[in-house]
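A short write-up of the structure that comes next.
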Amino acid sequence: MQQPETAATFFAMSSTSQIVRLTVNGDVHEVGVPTHFTLLEALRYAIGLTGSKQGCDKGDCGACTVVVDGQPTLACLTPVWEAEGKAVTTVEGLAGPEGPHPLQDAFDVNGAAQCGFCTPGILCSAVVLLEQNATPTRAEIQDALAGNLCRCTGYAKIYDAIEAAAVQCRADVANREGLSERRRT
Amino acid sequence: MSDDARKSQSDFTLIGSSMRKIEGLDKSTGRAVYTDDITLPGMLHGKILRSPHAHARIVSIDTAAAQALLGVHGVITGQDMPTTYGIIPWTPDEHPLCVDRVRYIGDGVAAVAAVDEDTALRALDLIQVVYEVLPAFFDPHDALAADGASPYVHDAKKEGWNGNITKKVHLEFGEVDELMVASDVVVEDDYFFEGTTHTPIEPHCAIGSWQRGGGVRGSDGEESGKLTVWSSTQVPHYLHRELARVLELDQAHVRVLQPLVGGAFGGKSEPFDLEFCVGKLAMVTGRPVKILYTREEVFYAHRGRHPFHMHYRTGANQDGKLTSVDGKILLDGGAYASFGLVTTYYSGQLLCAPYAMPAYRFDSTRVYTNKPACGPKRGHGSVQPRFAFEVQMDRLAEKLDLDPIDFRRRNFIGSDTRTINELRITSNGFLECLEAVESASGWSEKFRKLSFGRGLGVAGSTYISGTNYPIYPNDMPQSAVQMQIDRSGRVAVFSGASEIGQGCDSVVAYIAAEELGVPLDYIRVMRGDTDFTPVDLGAYSSRVTFMLGNAAIDAARKLRILVQGAVAAEWNVKPGQVLLAGGYAMFAPDTARRMPIKEAFNLAEAMHGALGSTGSYNTPKDVHGEYRGGTIGASPAYSFTAHVAEVDVDTDTGIVEVKKIWVAHDCGRALNPVLVEGQMEGSAYMGFGEALMEEQIYKDADHGRAGLHNAPSLLDYRIPTSLDTPELEALIVESIDPEGPYGAKEAGEGPLHPSIPAIANAIYDAVGVRMTRLPFSAPNVWRNVEAARAEGTLKKPAVPTRAPAGAPDGSPVQRSAD
């Protein structure tokens, strides 16, 4: 039988910790976490941003997808230290002071979130898509979501929502350009 | 017909229009709280040690080293919770942790609570379990044939019985054999439906918290405490009951909270080991304890669709009418009973519509095997036989030289009728469903007419809107709601229903807003807490909208009458002349005369005192068959569905591409069409996944450890991604049910059923190959294609030549010479 551990052996065997400096949704957080922590664990359990979800913890489901330096990234496969010095955006960071992101509103209006567990990850994939492609086709939307599993919707309402949000985003851009145009004249 | 059923769409202000869900923005902004999002002060992390053996006796468990590990606060084993439980009161065969025997790879044997997950995992490594390995049963046929030479999966209840048999059902209606023999045509085949699992994206999670003493006394009079459990369950009420029973607490001292649930599909519809373990560990340690299943553990917890080995014989006459249906089914149940008693009945009871059957027999046997337990998955027990039967329907249509949609129409059972097994059918929109998919899919131009390799298939089905009899016998309401209105013009709704993504919290809000005339954002739904919400039995058997909706209407109308009365007194008019709508109380003959609803509420409170009401719904108890089992399958209303699927089959590779699925579903009335479409699309998607991709299978001794799950991950257990999923078109059919809330019936499970046979029948239309085994994966299809090639049957089937019933030459139908 194995001997009961002493405090000394416990600390010798236990994982070491480190302090990491993360920039999340524009805020800088310095948190102490075990060295083996993933970005997802740091977000959820150290910073308290629980919007990003753990569905599989091995990169299969995409529920943990966040935006890192403009790219959709699986937070559960990203060692926390790898996110240092980068800009991390989670679902909590998509809304601005003026209200929800057009995607967030469109997901609500179109019934794109049933149980809602995959929604944060899908939104992060979709935000990057719309930033890179203001007029995505349905095939391009399907490609962009290939790494995000949804078990409720059959994706149909999600496509509707992203297409509606793309229209809204283009209108917002046109509106802003129109405003600045008017200001100049 | 009730007043609501008579109402036309224009009579409603909200119902029937597309509305947001009340928690929709929470879900899209990350504010929504699921169980694992909760952290309590001092919370410990729990882990469960699981059996590496499929079948073994536990000789001893030594937890001393784990107990002694710094950071470990509690270790429990099966001996700490010796009471058996089970969702069906007659078949309690599970322990939270195994006491003396493990029955599948993944069965829990011990649990620890420690300061963090790492420490809990290390503690598991220190637990020493000595097993005596026993021979295991993996094939249900072997389990059925067992003679007791090696221990059964469960001990036989009586000497000489086979302990592997969990349930046998044999029911016969009409002259099955006589009518079969006299039939003009008979088709007969074996079918196999592989097991599949739910895979909600949220893994099961539970947190237990124990408040010791404080004057709380247990049933034995001893001072005990109060247990609170948060869980991602879809049955908080049953969990509440079983926690109290197994942990030997007074039900009044157990509180179950249900945060939002991240998908369930039947996979969270009974208590699981983690809920008992967090409760017991919280009691042992005095600290809150959380357990979150790993994705691998979700696959072991399972309770998914049973593998069914089916044999069907179906007869019909040249007039295109069914004569006799005869099914024999072996259900592979896995290690525990779960809902198996009901599954065994459902395997036969729910086949008797939407087609009239002059005679019907089914013989179903469920056996235990040493694999994770099967249970209810969306379309509980009836998806598998529906696959087999709708393929038989397709074969019969072909033999009769009839279009398969026409053949289904000829056998339509009708509305306001009884099935052969005495289920009461009320509203029935199945013909409209057939019409909708026929028209939308371009059926008449495409069926049998597309080029070789491309094809169309049709299938139909029915499903229950809840069950007339609850799981444990009682006469209390199946669903109840409390409502209160306050001086600010708000309505608070207390609902015990389980929001698992289907939108039931929104449904009660829509109903309260419709009945009381307040805007939707003036409704607050208080939910998911057994301490202050009335009982709703849970999110299963497609019961929630029907039952909760009726309870909510009942509660809201009691308040409406009080408000109308108070306003009528103020205006000196008749109460019936006061309308509540759009945030106002209005005088119906002249709606310009109005007051804000808040003032109306204040008048009512001044007249009656504080305003609250309760509403209940209970099922009809006098409509079922007068035979043993006749209550199982009895529902207050049945939904109906038809699918057409279009496929592309590559005969070189066996790859089937489903291009599109048209889903028409009779949901009674669509209270919110966006949510109904979402259920229809999600159901068709899930059925599509089962048809082409999904298999919950286990290794055999030649390919690893026998009984070990083959692929317990979301990469290897393949569920459809956005790139796999076909285009889905939802076509809502409204039959306006006389007993449903505003005429509504279910939409959550019914629309799944025809997915699989519609695809199977489309494959036949494409290349002339019958698929009788699931899934229709490339290797399985390719094998059948090669066999057909060898037999010379790999070709486009013939176009049916007989005119449809009702067509100029189609009816009456002449009997052919053979």
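The values are calculated or read from the model by the stated rules, or taken from the named source; none is laboratory data. Values in this document were obtained by computation on a predicted structure and should not be read as measured data. Using ideal geometry, Cβ is built from the backbone for each residue, glycine included, and neighbour counts are taken over all protein chains shown.
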Return a yes/no flag: does region B:615-627 have any residue that is of a type in the set (D, E, K, R) and modelled with pLDDT of 95 or more. no
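Residues are listed down the side, and each one gets a yes or a no for (1) charged (D, E, K, R); (2) exposed (fewer than 15 other Cβ atoms within 10 Å of the Cβ):
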residue: B:Pro151; (1), (2): no, no
residue: B:Lys167; (1), (2): yes, no
residue: B:Val181; (1), (2): no, yes
residue: B:Pro203; (1), (2): no, no
residue: B:Lys226; (1), (2): yes, no
residue: B:Trp230; (1), (2): no, no
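What do you reckon, is B:Val663 β-branched (Val, Ile, Thr), farther than 18 Å from B:Gly453 by Cβ and within 17 Å of the chain's Cα centre (by Cα)?
no
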Considering region B:478-523 alone, what residues qualify as being assigned to a helix (DSSP H, G or I), more than 21 Å from B:Arg669 (Cα to Cα) and not aromatic (Phe, Trp, Tyr)? B:Asp521
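Residue by residue, here is whether (1) closer than 30 Å to A:Thr50 by Cα; (2) β-branched (Val, Ile, Thr); (3) in the same structural domain as B:Val733 (by TED's automatic domain parsing); (4) touching a strand residue (DSSP E or B) at 6+ places or on another chain (Cβ under 6 Å) holds:
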| site | (1), (2), (3), (4) |
| --- | --- |
| B:Leu49 | yes, no, no, yes |
| B:Ser60 | no, no, no, yes |
| B:His73 | yes, no, no, yes |
| B:Gln79 | no, no, no, no |
Tell me the residue from B:Ile471, B:Ile413, B:Ile425 that is aliphatic (A, V, I, L, M) and at pLDDT below 95, please. B:Ile471
For region B:312-323, state whether one or more residues are part of a strand (DSSP E or B), away from chain A (no Cβ under 14 Å), of a type outside the set (Ser, Thr, Tyr) and within 25 Å of the chain's Cα centre (by Cα). no
Scan region B:525-557 for residues that are assigned to a loop (DSSP other than H, G, I, E, B), charged (D, E, K, R) and in contact with a helix residue (DSSP H, G or I) (Cβ under 7 Å, 6 or more places away or on another chain) and report the count. 1
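So that you can scan it fast, the table gives a plain yes or no per residue for (1) within 8 Å of chain A (Cβ to nearest Cβ); (2) closer than 30 Å to B:Val153 by Cβ:
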| position | (1), (2) |
| --- | --- |
| B:Phe12 | no, no |
| B:Ser28 | yes, no |
| B:Val33 | yes, no |
| B:Arg50 | no, yes |
| B:His53 | no, yes |
| B:Val59 | no, yes |
| B:Ile87 | no, yes |
Scan the strands (runs of 3 or more DSSP E) fully inside region B:194-268 and keep the ones with 3 or more residues being of a type in the set (S, T, N, Q). B:223-231
Sole residue being touching a residue at least 24 places away in the same chain (Cβ under 8 Å), surrounded by fewer than 22 Cβ atoms within 10 Å (Cβ to Cβ) and more than 23 Å from B:Pro775 (Cα to Cα), chosen from B:Arg424, B:Arg408, B:Arg418: B:Arg424
Residue in region B:113-121 that is surrounded by fewer than 20 Cβ atoms within 10 Å (Cβ to Cβ) and without any contact (Cβ under 8 Å) to a residue 12 or more places away in the chain present: yes
Inside region A:70-167, counting only helices (runs of 4 or more DSSP H) that do not spill past its ends, which hold 3 or more residues that are within 29 Å of A:Pro34 (Cβ to Cβ) and away from every other protein chain (no Cβ under 11 Å)? none
For the condition within 24 Å of B:Ala691 (Cβ to Cβ), crowded, with 24+ Cβ neighbours inside 10 Å and over 18 Å from the mean Cα position of the chain (by Cα), what is the one hit in B:Pro385, B:Pro376, B:Pro372? B:Pro372
Can you tell me which residue is surrounded by the fewest Cβ atoms within 10 Å (Cβ to Cβ) among those in region B:584-634 that are assigned to a loop (DSSP other than H, G, I, E, B), hydrophobic (A, V, I, L, M, F, W, C) and touching a Leu at 6+ places or on another chain (Cβ under 9 Å)? B:Ala588
Mind listing whichever residues of region B:679-717 are under 22 Å from B:Glu297 (Cβ atoms) and within 10 Å of chain A (Cβ to nearest Cβ)? B:Met686, B:Gly689, B:Ser713, B:Leu714, B:Leu715, B:Asp716, B:Tyr717
Can you find even one residue in region B:251-258 that is more than 14 Å from chain A (Cβ to nearest Cβ), out of contact with any His (no Cβ under 7 Å at 6 or more places or on another chain), surrounded by fewer than 24 Cβ atoms within 10 Å (Cβ to Cβ) and among the polar types (S, T, N, Q)? no
Residues satisfying the stated conditions in region B:661-686, i.e. buried (at least 24 other Cβ atoms within 10 Å of the Cβ) and assigned to a helix (DSSP H, G or I): B:Leu675, B:Val676, B:Glu677, B:Gly678, B:Gln679, B:Met680, B:Glu681, B:Gly682, B:Ser683, B:Ala684, B:Tyr685, B:Met686
Filtering region B:700-759 down to residues that are outside any loop (DSSP other than H, G, I, E, B) and under 18 Å from B:Phe776 (Cα atoms) yields B:Leu752, B:Ser755, B:Ile756, B:Pro757, B:Ala758, B:Ile759
